[in-house]
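These notes are about the structure you will find just below.
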Amino acid sequence: MNPRLAEITDRIRRRSAENRSAYLERLRRAAEDGPARVHLSCGNQAHAYAAMAEDKDRLAAGRAPNIGVVTAYNDMLSAHQPYERYPDLIRAAARAAGATAQVAGGVPAMCDGVTQGQAGMELSLFSRDVIALAAGVAMSHNCYDAALYLGVCDKIVPGLVMAAATFGHVPAIFVPAGPMPSGLPNDEKSKIRNRFAAGEISRDELMKAEMAAYHGPGTCTFYGTANTNQMLMEFMGLHLPGASFVNPNTPLREALTTAAVTRAAAITALGNDFRPAGEILDERAFVNGIVGLMATGGSTNLVMHLPAMARAAGIALELEDFAAISEIVPLMAKVYPNGLADVNHFHAAGGLGFLIGELLEAGLLHEDVRTVAGDGLRRYTEEPVLKDGTLGWRAGPTRTENDKILRPAADPFQPTGGLRELTGNLGRAVIKASAVAPEYQVVEAPARIFSDQDQVKAAFARGEFTADTVVVVRFQGPQANGMPELHSLTPVLSVLLGRGLKVALVTDGRMSGASGKVPAAIHVSPEAAAGGPLALLRDGDVIRLDATTGELAVKGFDLATRTPETPDLSANRHGMGRELFETFRRNVGAATEGASALL
């Protein structure tokens, strides 16, 4: 074990000791009560089993494991559409394993690709807390000996993990759906978006390209938040080994889903291998997840989601933990937007099995963890295979099949991780440095101040950006308007880079996991609406963003001499359901603490 990684883990453990101890005691008491259904009245149970047809007798007997399914299925997300078939598959697999299964409930799952740049995006981050609440309602029926969580994208997996941790006395396995096959290359899609932003092509040409990129069931193939989630579930031991990046509606995908059901039935308190979710989700699992985030150059959204997930398990993660781990973990993968490859190419080059094996050998992962597959993370170096229709696992790749996509720990793309903390007199922020070319990593230029992304686009359309500029988009934090992603600014700012300008973005909002190329200091805390320094800035102030040293500062004057701006945010309070989320905006925590209104 790398001594620095051990030290960081110990620091997290000490910081979390009191809350974690209380959390584990609650789990112990809940587990001591035995199978939940024993304590339900006959009337309670009759309601629960009334529609279960051939499974009624086994459910009433109470001796076979009953698996609760929490599903984020809908047709709006291509990544989640394959889940339409899963309930029937899961029920059949449960019967074959001597168990039963019920859909416990559904959770909302919005598509950030649909809401980018739209008012609905202001609900996106808070949907994570809603998902945790909805999954909590599903599990509150108290009828389940294990749970299967069906979710893939952005806020969905973090919300489901928060619920799984809250019901941590129940074993939990996360079941993915897989990425769609490769379509129009992501870099080609990006070039076409930039050409449209520059007015060089028609909307019909843009639409044709977008439809070729997003063309069928499955997760979008770039390495954004959705695919970063899938990586995390494997690094944290909540998927079956090698399950993350198998395409939907294939025999291997179906076999892995069946195997997840069989395994869920085997790890309940009714058997001899009880693996409650709360024990799997310990400090080591979260550190392993952060290591995976850094080694792959994953989505910045997880810098907020991981602290929220950890808090649900009684663990306190700080931004300094991410920065410290990034300093010792090499960047081993180049997947769009960090490179040209997509996740299918990454998987073919050796994928997570190769990556985990390399990091274990380098002492950069905790091997001595509990997982849903068994004891020890070494299982996750294996890859699933179908032989004569039977699922098995074999030793995974020990060398990369394409060193332009995936490299060993001893010969990485860069010696440090993909994300970096920024600090200075403008607060604390994070930057996805792995996606930014070296020549763009330091920008010092006059600021242009905006209070929403539409103002930036309008200024671009008027031709107002003609010199090096730091674009500041403030009042985009969770208290102000729910902290929407500002991904739709990427084409505009990329065009300016293409014109030879040095441009950076500074915001208390978020960027999509698919964003890259443009240096962006995001999640600036404290946010402007909470009196943060961004509220003190004016047009022309000189700002320095330095991803190499970690500096984010305004130069040349004392911010204490300024009075903060207080813009009218009433327009963010109504329409597209935003009025329903006022209680979240009033109670949300800081981005550095997970930006949750629940924890």
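The values are calculated or read from the model by the stated rules, or taken from the named source; none is laboratory data. Note that the structure is predicted; figures quoted are calculated from it, not measured. Using ideal geometry, Cβ is built from the backbone for each residue, glycine included, and neighbour counts are taken over all protein chains shown. What goes into the accessible areas is simple: the full protein's heavy atoms, side chains included, and nothing from ligands, DNA or RNA. Shrake-Rupley method; radii C 1.70, N 1.55, O 1.52, S 1.80 Å.
Taking the criterion of being in contact with an Asp or Glu (Cβ under 9 Å, 6 or more places away or on another chain) and in a helix (DSSP H, G or I), the residues of region 148-180 that qualify are Gly159, Met162. Taken together, Ala409, Ala447 contain a single residue that is hydrophobic (A, V, I, L, M, F, W, C), open to solvent by less than 80 Å² (accessible area, probe 1.4 Å), part of a loop (DSSP other than H, G, I, E, B) and touching a residue at least 60 places away in the same chain (Cβ under 8 Å), which is Ala409.
Scanning region 191-239 for residues that are open to solvent by 50 Å² or more (accessible area, probe 1.4 Å), assigned to a helix (DSSP H, G or I) and among the hydroxyl-bearing types (Ser, Thr, Tyr) returns no hits. On the stretch given as region 258-272, residues that are aliphatic (A, V, I, L, M), open to solvent by 10 Å² or more (accessible area, probe 1.4 Å) and in a loop (DSSP other than H, G, I, E, B) total 2. Selection over region 512-547 of residues that are within 25 Å of the chain's Cα centre (by Cα), among the charged types (D, E, K, R) and modelled with pLDDT of 95 or more gives a count of 1. The residue list Pro158, Pro179, Pro171 contains one member that is within 22 Å of Val261 (Cα to Cα) and touching a Gly at 6+ places or on another chain (Cβ under 6 Å), which is Pro179. Filter region 498-514 down to the residues that are open to solvent by 10 Å² or more (accessible area, probe 1.4 Å), in contact with a helix residue (DSSP H, G or I) (Cβ under 9 Å, 6 or more places away or on another chain) and under 20 Å from Leu552 (Cα atoms) and list them by number. Residues satisfying the conditions are Lys502, Met511.
Of all residue pairs spaced 6 or more apart or on separate chains, those with beta-carbon atoms under 6 Å, a first member in region 6-26 that is open to solvent by 70 Å² or more (accessible area, probe 1.4 Å) and a second member that is assigned to a helix (DSSP H, G or I) are Arg13/Glu283.
Pairs meeting the criteria (first residue in region 367-385 and under 12 Å from Met236 (Cα atoms) and in a loop (DSSP other than H, G, I, E, B), second residue charged (D, E, K, R) and open to solvent by less than 60 Å² (accessible area, probe 1.4 Å), beta carbons under 6 Å, at least 6 apart or on different chains) are Val369/Arg284. Taken over region 240-257, residues that are part of a helix (DSSP H, G or I) and among the small types (Gly, Ala, Ser) amount to 1. Among the conditions (1) open to solvent by 10 Å² or more (accessible area, probe 1.4 Å); (2) closer than 24 Å to Asp368 by Cα; (3) without any contact (Cβ under 8 Å) to a residue 60 or more places away in the chain; (4) of a type outside the set (S, T, N, Q), the only one that Glu327 does not satisfy is (3). Only one of the numbered conditions (1) closer than 30 Å to Ala165 by Cβ; (2) open to solvent by less than 60 Å² (accessible area, probe 1.4 Å); (3) of a type outside the set (Ser, Thr, Tyr) is violated by Leu580, and that is (2). Only one of the numbered conditions (1) more than 20 Å from Val291 (Cα to Cα); (2) modelled with pLDDT under 95 is violated by Thr225, and that is (1).
Number of residues in region 27-52 that are open to solvent by 50 Å² or more (accessible area, probe 1.4 Å) and either of a type in the set (S, T, N, Q) or outside any helix (DSSP H, G or I) (or both): the value is 5. The residues of region 105-118 that are open to solvent by less than 30 Å² (accessible area, probe 1.4 Å) and either out of contact with any helix residue (DSSP H, G or I) (no Cβ under 6 Å at 6 or more places or on another chain) or not polar (S, T, N, Q) (or both), listed by number, are Gly105, Val107, Ala109, Asp112, Gly117.
Among the residues of region 53-64, those that are open to solvent by 20 Å² or more (accessible area, probe 1.4 Å) and either in a loop (DSSP other than H, G, I, E, B) or not hydrophobic (A, V, I, L, M, F, W, C) (or both) comprise Glu54, Lys56, Asp57, Arg58, Gly62, Arg63.
Of a type outside the set (A, V, I, L, M), open to solvent by 10 Å² or more (accessible area, probe 1.4 Å), in contact with a helix residue (DSSP H, G or I) (Cβ under 9 Å, 6 or more places away or on another chain) and not in a loop (DSSP other than H, G, I, E, B): is that true of Gly183 in this structure? No.
Set side by side, the residues Ala101, Ala22, Ala72, Ala94 differ, and just one is at pLDDT 95 or above, in contact with a Ser or Thr (Cβ under 9 Å, 6 or more places away or on another chain) and closer than 27 Å to Ile131 by Cβ, which is Ala94.
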